[in-house]
Amino acid sequence: MDDSAHEPLLSCRGVFKYFGAMAAVDDLNLDVQQGEVLGIGGPNGAGKTTLFDVISGLNPASAGTITFDGNDITKANPVQICHAGLSRTYQLNAAFETLPVRENILCASYYGPRNVFFPKLRFDREAQRITDEVLEFTELLDYEMVIARELPVLQRKLLMIASALATRPRLLLLDEPVGGLNVDEIEVVMALVRRMREDRPLTVILIEHVMRFLVALSDRVVVMHHGSKIYEGLAEGLTKDQTVVDVYLGEGAARRLEHIIDEELHHGHDAS
Amino acid sequence: MTIPSTPAHGSSGAYAAARRQDLRLDLAIGFALLAIAVIIPILSPGKYILGQFTLFFIWACVVTQWNLVFGVAGVYSLAQMAVFFLGGYAAAMLGFYLEISIWYGAWVGAVFAVFVSVVIGAATLRLQGPYVLLLTLAIAVVIQALVQSDVNCFFYEGKICYPLTGGPRGLMKFGDLGFRDWLAYKQAPLGTYYLGLLLLVINTIFAFVIIKSPFGSAFRALRDNQPLASSRGIARVKYQILVFALSGFFTGLMGSVYAGHFRTIGPALLDLDLLLFLFSMLVVGGLGSRWGPIIGCIIIMVANELMKDLGEWRMIAFGAITVAFIVLLREGVVGVIQSVWRGYIVPRVPWLSDVRRSGLAE
Ligand SMILES: Nc1ncnc2c1ncn2[C@@H]1O[C@H](COP(=O)(O)OP(=O)(O)O)[C@@H](O)[C@H]1O
Ligand SMILES: [Mg+2]
């Protein structure tokens, strides 16, 4: 009866992505439940970003099917996927470089939530309202007039997330949201991701090399290697999985990670 | 997601204030320039100067529309003069063969130019950056070659043979704007002067509204980062075609006005010299900026007058100026003025510095 509640929001079935003869994504199966945060780790070149490109329609799958909220989106383009409620960030500091922060977000809040057949001559109230909310939520209000290329690194990262949020997604894909940030800055982004989930169950997939971030935020972790999934499960299991330790973490990092996981388990999420 | 409700103090205040400030500045600059332009003929500067001003109005319109495609949307099209030429040619052909007044033909020319512009925009869809330059330049060269090599007799007037398009000499005797018949002989240049001015005003308002609207934001977003724009719901194909269509209209209309003003139109309009001349206006003024085309047009036309005696060297000078700006002053004269304003004037004038003015994108 209550099947729909357990139906995954996103489902990848037998997904391949070839670049020439190389399978950057190799027969991947993945389910993401409504409201969960899935963390994806794995060495450089494992195919994580390529998987996001495939899901978000930027670079369509060579084979397999992807369904989002019960609809087949395998062949949909990025614009359609955005309008369907799936939003992503890019690994490299991607913004509209010459536009002020506010206009960056206005673009997303006006064109993102639904198809605009023919634009009006002004951004409508709804887009302005969403933009105000997102700016406030991501603590970018003081930066709204700054041209994106002149932003400090933390605010650039926040802008990328803000712009993705402004399309009103139900599923958010974050590609290395804290890459290049220092410890304090990582805390800021971590607190933001936690706030995002407080009220309504926003579903998130995040790729991250910073294991502390990945472990602290994810309900479930997947590790990719050579385009395939080599681990799927709770973060606690990562350090006990010999393959993950061998190909990704290494012995030293695995021990440090064990520490971090311990801390997480004992102190919980009281930071938020 | 907990999104707090909009704060009472209205966070969009600073941005909205900056927009209002920009609008006031635009109106001030616009009215000042307009007042000067309205007064100039009263000082009876002579036929030559009036003619140069009329030409300035036409080129300023063409460069303003070009800026939408090249500067705002970042699609490096060099086919602007081809659109201008074909719009004007359509009106001239209608005048020549069907004796339709240029006043009506101009609208057909404008609509035809929209069509041509959209086709060119569609042809460049799969290309990026420098390849767009190559393709669009090739289109212009091919159109010029086609008209120039058209020497087959289409009809005879007495013993003289006329090709369909007029061939290398182009078209003549297709009528004009008629100011000579309506106004005294001496007053006729005033007719085209004020018509040109009126069209420049309308054309500038049109371009400014587009630049400031969500259209402009979509064009700039695609220019800055196409994959990101598509992931935020902005479809490249749609907006690229749209910007070509929007800019094509006034470009074609001005082509017809050019034909009506000079009472001749020919393939020489597609010469590289002229393209470079207009391109230097675009670059010197500031790509993508609102006032860039008009300011660039003023600077280059004045420079052109000053360098009259240089002959062939003029084109080399314009080439050098263009390259210098592209390499050293990417943002053009408008960019320089803006950084002086923000970096030097605003911090030193107390009543300005409390207006947080870091400026908008254009
Ligand atoms: N557009 C592309 N063309 C060819 N090869 C690519 C392309 N994008 C990624 N690759 C290759 O696919 C593999 C996976 O890359 P990527 O998905 O970026 O890895 P990750 O994000 O996990 O570090 C790498 O070997 C990379 O070189
Ligand atoms: Mg990557």
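The values are calculated or read from the model by the stated rules, or taken from the named source; none is laboratory data. Given the structure is predicted, the values throughout are model-derived calculations rather than measurements. No Cβ is skipped: glycine too gets one built from the backbone with ideal geometry, and neighbour counts run over all protein chains shown. What goes into the accessible areas is simple: the full protein's heavy atoms, side chains included, and nothing from ligands, DNA or RNA. Shrake-Rupley method; radii C 1.70, N 1.55, O 1.52, S 1.80 Å.
Taking the stretch B:209-242 as the region of interest, how many residues are more than 7 Å from chain A (Cβ to nearest Cβ), more than 19 Å from the chain's Cα centre (by Cα) and open to solvent by 10 Å² or more (accessible area, probe 1.4 Å)?
5
Could you say whether any residue in the stretch B:310-332 is within 14 Å of another protein chain (Cβ to nearest Cβ) and modelled with pLDDT under 90?
Yes - at least one qualifying residue is present in the stretch B:310-332.
Consider A:GLN155 carefully, then state whether it is at the interface with another protein chain (Cβ under 7 Å from one of its Cβ atoms) and either in contact with a strand residue (DSSP E or B) (Cβ under 6 Å, 6 or more places away or on another chain) or touching a residue at least 12 places away in the same chain (Cβ under 8 Å) (or both). Walk me through how you get there before you give the answer.
Values: at the interface with another protein chain (Cβ under 7 Å from one of its Cβ atoms): no; either in contact with a strand residue (DSSP E or B) (Cβ under 6 Å, 6 or more places away or on another chain) or touching a residue at least 12 places away in the same chain (Cβ under 8 Å) (or both): yes.
No: the conditions fail for A:GLN155.
From the list B:ILE299, B:ILE265, B:ILE295, which one is away from chain A (no Cβ under 14 Å) and touching a strand residue (DSSP E or B) at 6+ places or on another chain (Cβ under 8 Å)? Quick ask: steps written out before the conclusion?
Numbers: B:ILE299 fails: touching a strand residue (DSSP E or B) at 6+ places or on another chain (Cβ under 8 Å); B:ILE295 fails: touching a strand residue (DSSP E or B) at 6+ places or on another chain (Cβ under 8 Å).
None of the other options fit; the residue is B:ILE265.
For (1) at pLDDT 85 or above; (2) open to solvent by 30 Å² or more (accessible area, probe 1.4 Å); (3) more than 17 Å from the chain's Cα centre (by Cα), each residue gets a yes or a no:
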{"site": "A:VAL193", "(1), (2), (3)": "yes, no, no"}
{"site": "A:PRO201", "(1), (2), (3)": "no, yes, no"}
{"site": "A:VAL204", "(1), (2), (3)": "yes, no, no"}
{"site": "A:PHE213", "(1), (2), (3)": "yes, no, no"}
{"site": "A:VAL221", "(1), (2), (3)": "yes, no, no"}
{"site": "A:GLY237", "(1), (2), (3)": "no, no, yes"}
{"site": "A:VAL245", "(1), (2), (3)": "no, no, yes"}
{"site": "A:GLY250", "(1), (2), (3)": "no, no, yes"}
{"site": "A:ALA271", "(1), (2), (3)": "no, yes, yes"}
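Do we have any residue at all in the stretch B:26-35 that's of a type in the set (Val, Ile, Thr) and in the same structural domain as B:VAL257 (by TED's automatic domain parsing)?
Pass one, the stretch B:26-35, residues of a type in the set (Val, Ile, Thr): B:29.
Filter once more, so that each one left must be in the same structural domain as B:VAL257 (by TED's automatic domain parsing): none.
No, the conditions are met nowhere in the stretch B:26-35.
Can you name every residue in the stretch A:178-193 that is touching a helix residue (DSSP H, G or I) at 6+ places or on another chain (Cβ under 7 Å) and on the phi < 0 side of the Ramachandran plot?
Pass one, the stretch A:178-193, residues touching a helix residue (DSSP H, G or I) at 6+ places or on another chain (Cβ under 7 Å): A:178, A:180-181, A:185-186, A:188-190, A:192-193.
Answer for the stretch A:178-193, where residues must be touching a helix residue (DSSP H, G or I) at 6+ places or on another chain (Cβ under 7 Å) and on the phi < 0 side of the Ramachandran plot: A:VAL178, A:LEU181, A:GLU185, A:ILE186, A:VAL188, A:VAL189, A:MET190, A:LEU192, A:VAL193.
Failed condition for A:ILE73, given (1) within 16 Å of ligand 2 (Cβ to nearest atom); (2) surrounded by 17 or more Cβ atoms within 10 Å (Cβ to Cβ); (3) within 14 Å of chain B (Cβ to nearest Cβ), with all others met?
(1)
Looking only at the stretch A:43-61, filter to residues that are buried (at least 20 other Cβ atoms within 10 Å of the Cβ) and of a type in the set (A, V, I, L, M); which one of those is farthest from ligand 2 (Cβ to nearest atom)?
The residue in question is A:ALA61.
Looking only at the stretch A:25-42, filter to residues that are open to solvent by 10 Å² or more (accessible area, probe 1.4 Å) and more than 13 Å from every other protein chain (Cβ to nearest Cβ); which one of those is nearest to ligand 1 (Cβ to nearest atom)? Explain how you work it out, then say what you get.
Taking the stretch A:25-42 and keeping what is open to solvent by 10 Å² or more (accessible area, probe 1.4 Å), we get A:26-27, A:29, A:31, A:33-36.
Still in the running and more than 13 Å from every other protein chain (Cβ to nearest Cβ): A:26-27, A:29, A:31, A:33-34, A:36.
Numbers: A:ASP26: 10, A:ASP27: 15, A:ASN29: 17, A:ASP31: 20, A:GLN33: 23, A:GLN34: 25, A:GLU36: 21 Å.
Only one residue fits best here, namely A:ASP26.
Determine whether the stretch A:150-158 contains at least one residue that is of a type outside the set (Phe, Trp, Tyr), under 23 Å from A:ILE66 (Cβ atoms) and within 16 Å of ligand 2 (Cβ to nearest atom). Talk me through it step by step, then tell me what you get.
Here is the first cut: in the stretch A:150-158, the ones of a type outside the set (Phe, Trp, Tyr) are A:150-158.
Still in the running and under 23 Å from A:ILE66 (Cβ atoms): none.
Within the stretch A:150-158, not a single residue is of a type outside the set (Phe, Trp, Tyr), under 23 Å from A:ILE66 (Cβ atoms) and within 16 Å of ligand 2 (Cβ to nearest atom).
If you scan the stretch B:310-350, which residues turn out to be among the acidic types (Asp, Glu) and touching a residue at least 24 places away in the same chain (Cβ under 8 Å)?
Keep residues of the stretch B:310-350 that are among the acidic types (Asp, Glu), which gives B:312, B:331.
Answer for the stretch B:310-350, where residues must be among the acidic types (Asp, Glu) and touching a residue at least 24 places away in the same chain (Cβ under 8 Å): just B:GLU331.
Could you say which residue among A:GLY45, A:GLY57 is without any contact (Cβ under 8 Å) to a residue 12 or more places away in the chain and within 16 Å of ligand 1 (Cβ to nearest atom)?
Working: A:GLY57 fails: without any contact (Cβ under 8 Å) to a residue 12 or more places away in the chain.
After ruling out the rest, the residue left standing is A:GLY45.
Tell me, yes or no, whether the stretch A:8-20 has at least one residue that is of a type in the set (Lys, Arg), away from ligand 1 (no atom under 16 Å from the Cβ), closer than 25 Å to B:ALA229 by Cβ and open to solvent by 20 Å² or more (accessible area, probe 1.4 Å).
So in the stretch A:8-20, the residues of a type in the set (Lys, Arg) come out as A:13, A:17.
If we keep only those that are away from ligand 1 (no atom under 16 Å from the Cβ) as well, we get A:13.
In the following step, the residues that additionally are closer than 25 Å to B:ALA229 by Cβ were identified as none.
No, the stretch A:8-20 has no match at all.
Hey, any hits in the stretch A:114-128 for a residue that's surrounded by fewer than 22 Cβ atoms within 10 Å (Cβ to Cβ) and within 16 Å of ligand 2 (Cβ to nearest atom)?
No: zero hits.
Can you spot a residue in the stretch A:119-128 that is under 19 Å from A:THR98 (Cβ atoms) and hydrophobic (A, V, I, L, M, F, W, C)?
Step one: list which residues in the stretch A:119-128 are under 19 Å from A:THR98 (Cβ atoms), which gives A:123.
Those still in the list that are hydrophobic (A, V, I, L, M, F, W, C) too: A:123.
There is at least one residue in the stretch A:119-128 that is under 19 Å from A:THR98 (Cβ atoms) and hydrophobic (A, V, I, L, M, F, W, C).
Among the candidates B:ALA60, B:ALA16, single out the residue that is more than 18 Å from the chain's Cα centre (by Cα) and part of a helix (DSSP H, G or I). Walk me through it before giving the result.
Working: B:ALA60 fails: more than 18 Å from the chain's Cα centre (by Cα).
When all the criteria are applied, what remains is B:ALA16.
The conditions are (1) within 17 Å of the chain's Cα centre (by Cα); (2) within 19 Å of A:MET196 (Cβ to Cβ); (3) of a type in the set (Ser, Thr, Tyr), and A:THR131 fails exactly one of them. Which is it?
The single condition A:THR131 does not satisfy is (1).
Condition first: hydrophobic (A, V, I, L, M, F, W, C), without any contact (Cβ under 8 Å) to a residue 60 or more places away in the chain and within 16 Å of ligand 1 (Cβ to nearest atom). Can you find one or more residues in the stretch A:67-88 that meet it? Steps first, please.
Taking the stretch A:67-88 first, the residues hydrophobic (A, V, I, L, M, F, W, C) are A:68, A:73, A:76, A:79, A:81-82, A:84, A:86.
Applying the additional criterion that residues be without any contact (Cβ under 8 Å) to a residue 60 or more places away in the chain yields A:73, A:76, A:79, A:81, A:84.
Retained after the next criterion (residues that are within 16 Å of ligand 1 (Cβ to nearest atom)): none.
Checking the stretch A:67-88: not a single residue is hydrophobic (A, V, I, L, M, F, W, C), without any contact (Cβ under 8 Å) to a residue 60 or more places away in the chain and within 16 Å of ligand 1 (Cβ to nearest atom).
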